[in-house]
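> This is the structure I want to talk about, given as structure tokens.
Each value in this text was obtained by applying a stated rule to the coordinates, not by laboratory testing. These numbers were taken from a predicted model, which means no experiment stands behind them. With ideal geometry, Cβ positions are generated from the backbone for all residues, glycine too; neighbour counts draw on all protein chains shown.
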Amino acid sequence: MPAGCPPHSTTASLPQHGDRGFPFAAAAAAGQAPPRPRPAAAMQFMLLFSRQGKLRLQKWYVPLSDKEKKKITRELVQTVLARKPKMCSFLEWRDLKIVYKRYASLYFCCAIEDQDNELITLEIIHRYVELLDKYFGSVCELDIIFNFEKAYFILDEFLLGGEVQETSKKNVLKAIEQADLLQEPRHEYFNVPVY
Amino acid sequence: MVVPSLKLQDLIEEIRGAKTQAQEREVIQKECAHIRASFRDGDPVHRHRQLAKLLYVHMLGYPAHFGQMECLKLIASSRFTDKRVGYLGAMLLLDERHDAHLLITNSIKNDLSQGIQPVQGLALCTLSTMGSAEMCRDLAPEVEKLLLQPSPYVRKKAILTAVHMIRKVPELSSVFLPPCAQLLHERHHGILLGTITLITELCERSPAALRHFRKVVPQLVHILRTLVTMGYSTEHSISGVSDPFLQVQILRLLRILGRNHEESSETMNDLLAQVATNTDTSRNAGNAVLFETVLTIMDIRSAAGLRVLAVNILGRFLLNSDRNIRYVALTSLLRLVQSDHSAVQRHRPTVVECLRETDASLSRRALELSLALVNSSNVRAMMQELQAFLESCPPDLRADCASGILLAAERFAPTKRWHIDTILHVLTTAGTHVRDDAVANLTQLIGGAQELHAYSVRRLYNALAEDISQQPLVQVAAWCIGEYGDLLLAGNCEEIEPLQVDEEEVLALLEKVLQSHMSLPATRGYALTALMKLSTRLCGDNNRIRQVVSIYGSCLDVELQQRAVEYDTLFRKYDHMRAAILEKMPLVERDGPQADEEAKESKEAAQLSEAAPVPTEPQASQLLDLLDLLDGASGDVQHPPHLDPSPGGALVHLLDLPCVPPPPAPIPDLKVFEREGVQLNLSFIRPPENPALLLITITATNFSEGDVTHFICQAAVPKAPLRLKLRLTYDHFHQSVQEIFEVNNLPVESWQ
């Protein structure tokens, strides 16, 4: 480009594939040496948080230190909470795509890679909410708070290693049910084990 | 006495009951102390409960590392409840950075080979979430075995665990590639989905695998076709679309296999067309599949008609009421605008509509796409839209929009007048956001359009009269008024309404700019110089101008002060030369983006005239004399430059020597004069970015004990052949020295 060209160009912001700098950026931000190149995962992480920014679930599919995770969580929560209601569900953050959706008082937030399909990620989020809803019966934030470990168990029957493992709602719920039955001891009233 | 430990939900209640952060901390610290004690005591019965509580406070941000070993113990336990919490703890608290993580390898191995299905599930899940490379290598054989297990519950998890293992240890591809062919025949959606994900991962990592799996393209096409044509299934359909997750994954794999491969692309062509036309688009699920289809069509070697279909689908997406869909459409179209320009052009009106989006991330993309779609036939209409956008767009888009408009205007301007109008409009609307060279570009443009001088100066005068805060606009306007003030006052431009401006108004306006606290130092420089130029353009008695100039002679700003002092001197001592010095600048030829270079050169060249250690005085007429001395001096005598910040000044011509690109060797310095300790040296540089240019620096040094005063050095250079005529006058050892000489022995490298 000749000198004196404006910063904007007609081919601006063509997304760069294969630029997997995410943990490097996080690590550098946390003041450490960048980790060794990490393999891709379709979904990098999923966070659930309230409108006050309190974390309700964090599922990480990439290896990061606690410090890095906290930093990312803090920044991303801030960014998402700052979005106005009428804005779209997608935003670009560092070199990741963020897909988020609010259900009642909870934000469901996923980080996906550049080549991933944002629209199907919305479906993934929605399917997870449906599963929670079916399991808890009209799920609300309190259910997730008081039964956080259940939320994890359900997620782990739907996604594995950041990928969708089961597309049948019925099969996921059946698996959870069977696992619950194996737990000792059982609390009759809820039919879910209580620790 | 043993105090029974809190149940998890009771602890959560207590924490939530805390009114302050400090109170919460207290509750948690107390409980963590109990938990630690419990761990130390090794209580197996409540261990799972203690860890669950610890995991809860960990999520709130409190340290939980002392629970790591407990995870190991729980995983090793035979109770399912223990394993469930233990594995969860391992996924939350352990990762490959901790050496402890390796310790669960053995437990996982046992659970994988001997556990009941739910236990195998837990182990596979943990392995695929936090398994390090070492763990993956160790456990690959176990996972491989599970791929062939009858239970789909375990198999689907084993397949995705294999995906993770390959990501961590690419060499394991050889282990997990062979089973794929058979797995692809499964009918269980979970297994099929996992298998396709696995094949995708293998193909992305190895060109050999990619070639190998091309042969399954027909099978994939068949699977997808079955999915698309089969009826509604309660189990897998979402909004009338059969298993969109599986469809999307298949389409992704087809994309990878069809890329750059004619034959595979052809095999999938019809199916892609079918999916593209038959998918229900009323809900997001269908649009997700459609979107993936479009991405695949555009990435493989698809038929031209199919590509157009894909772009049209994106065009339709732009009209969708769901802004998420509009977002992906804009992003995709931006990726395609270079390769499929004419197809995208067809949707230009819709794209332009998207400029009005309230969501900034959409309007940003619409802006980029709009700018990419500007061409010579639509430039007028597009610029209108973009300028309207500029007026109302969010502040963080202003700079990009302004620079985009200016760039497009430069490339596609139908007429010079339109171009000037466009730049003017941008400067008035978003003056603070334009790039630094906008001023230079506009003055160049105006200077070069002689027929538009009158028009330009009037428009700029009007704009300036309304608003003196936008610095780039003020600078250009001041420059213009200075140059073409006479045209402004003549009042007879047909293109705008007749404007009667009198001299006092013009001077008042420039003074206002000069005095305004909003004006940058550079702007004030422009204004002062403009006032000075007007002294020759206007008919009045110049008293007002002289007054201003003399006041600014004591201005605190050094640059401004210097200017004012010199102008003042021009009035007082060299009034007879004033007209010549302040004449209109000659039209400069411009090579487009060289404008920056020329601005730089003229600044560097301006240093040449100040090589003497004593502040220079205007040297106009003597220079003219010198040029007369040179034989062959052309009739096109260049007027010496005024100290004017405008780029493209006449000085450029003095050094515009005809040269071809030089050899890279530096040109040696040349001593051209020596007398009683006063020495003159020439050094030569060719700037690498502009090898046709030769910069000559004259350095005068006094080695003697006596002072040199009133030193004046003047240089004249004819266009060809290269020689230098120098004239020196100075006082040294109480004598007046005057020397005129020619330098003929310039180094060979300097002139070829």
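> If you fit an axis through the alpha-carbon atoms of helix B:595-608 and take the longest principal axis of the Cα set of chain B, what angle between them do you get, 0 to 90°, nearest 10?
50 degrees
> Could you run the Karplus curve 6.51 cos²θ - 1.76 cosθ + 1.60 with θ = phi - 60° over segment B:428-439 and give me ³J(HN,Hα) per residue in whole Hz, x for Gly and Pro?
Each residue of segment B:428-439 in turn: 6, 7, 9, x, 6, 9, 7, 6, 4, 7, 4, 4 Hz.
> Per-residue HN-Hα couplings for segment A:101-106, Karplus 6.51 cos²θ - 1.76 cosθ + 1.60 at θ = phi - 60°, whole Hz, x for Gly and Pro?
8, 9, 10, 6, 9, 10
> For a test of the definition: using alpha carbon positions, the gyration tensor, and the 1.5 limit on a/c, classify segment A:43-182 as rounded, prolate or oblate.
Because a/c hits 1.5 or more and a/b exceeds b/c, segment A:43-182 counts as prolate.
> Enter the angle in degrees (range 0 to 90, nearest 10) between the Cα long axis of helix B:189-205 and the first principal axis of the Cα atoms of chain B, meaning the one along which they spread out most.
40 degrees
> Another question, if that's okay. Dipole of segment A:43-182, Cα-centred, from +1 at each Lys and Arg C-beta and -1 at each Asp and Glu C-beta, to the nearest 20 debye?
Around 680 debye, computed over segment A:43-182.
> Can you give the mean number of other chain Cβ atoms that lie within 10 Å of the Cβ atoms in peptide B:240-252?
For peptide B:240-252, the averaged partner shielding equals 3.
> Rounded to the nearest 500 deg cm²/dmol, what is the calculated helix-only ellipticity per residue at 222 nm for chain B, with -39500 (n - 2.57) per DSSP H run of length n ≥ 4?
-19000 deg cm²/dmol
> At 0.36 nm per residue, minus the direct Cα-Cα distance, what do residue B:375 and residue B:149 gain on full extension? Give it in nm, one decimal, please.
75.2 nm is the gain from fully extending residue B:375 to residue B:149.
> Magnitude of the Cβ-charge dipole of segment B:434-482, K/R +1 and D/E -1, about the Cα centre, nearest 20 debye?
80 debye
> For chain B, what is the charge dipole size about the Cα centre, in debye to the nearest 20, if Lys and Arg each add +1 at the Cβ and Asp and Glu each add -1 at the Cβ?
Approximately 4560 debye in magnitude.
> Quick check on chain B: take the gyration tensor over C-alpha atoms, sort the square-rooted eigenvalues as a ≥ b ≥ c, and tell me if it's rounded (a/c under 1.5), prolate or oblate.
Judged from the Cα gyration tensor, chain B comes out prolate (a/c at least 1.5, a/b above b/c).
> Would you please classify the overall shape of segment B:466-572 from the alpha carbon gyration tensor, given that a ≥ b ≥ c denote the square roots of the eigenvalues, rounded means a/c under 1.5, and beyond that prolate means a/b larger than b/c while oblate covers the rest?
oblate
> Around residue B:724, which amide H atoms from residues at least 5 apart in sequence, or from another chain, sit under 5 Å from its own amide H, with H modelled in the peptide plane?
Correct list: B:743.
> For peptide A:166-173, compute the average count of partner chain beta-carbon atoms within 10 Å of each residue's beta-carbon.
The shielding value for this peptide is 6.
> Given the peptides B:693-702, B:506-515, arrange them by the average over their residues of other C-beta atoms within 10 Å, most packed first.
Listed from highest to lowest mean packing, they are B:506-515, B:693-702.
> Expressed as a whole number of Å, what is the distance separating the alpha-carbon centroids of segment B:91-121 and segment A:63-141?
Cα centroid of segment A:63-141 versus Cα centroid of segment B:91-121: 28 Å apart.
> Using alpha carbons only, how many degrees (0 to 90, rounded to 10) separate the axis of helix B:262-278 from the longest principal axis of chain B?
Compared with the principal axis, the helix lies near 80 degrees.
> So what's the gap between the Cα centers of segment B:285-300 and segment B:663-742, to the nearest angstrom?
70 Å
> Ranking A:84, A:97, A:70 by Cβ neighbours within 10 Å, fewest first, what do you get?
The order, fewest Cβ neighbours first, is A:84, A:70, A:97.
> Taking 45 Å as R0, compute the FRET efficiency from the Cβ-Cβ separation of residue B:20 and residue B:432 and round it to 0.05.
About 0.45, to the nearest 0.05.
> Moving on to the next point. Per residue of B:454-467, what is the mean number of Cβ atoms on other protein chains within 10 angstrom of that residue's Cβ?
Shielding by partners across B:454-467 averages 0.
> Note down the relative contact order for segment A:43-182 as a percent, whole number, built from C-alpha pairs under 8 angstrom at least six residues apart.
RCO, segment A:43-182: 23 percent.
> To the nearest 0.05, what FRET efficiency results for residue A:79 and residue B:235 with a Förster distance of 30 Å applied to their C-beta separation?
With R0 = 30 Å, the Cβ-Cβ based efficiency is 0.20.
> Calculate the FRET efficiency for residue B:490 and residue B:418 from the Cβ-Cβ distance with a Förster distance of 35 Å, rounded to the nearest 0.05.
The formula returns an efficiency of 0.90 here.
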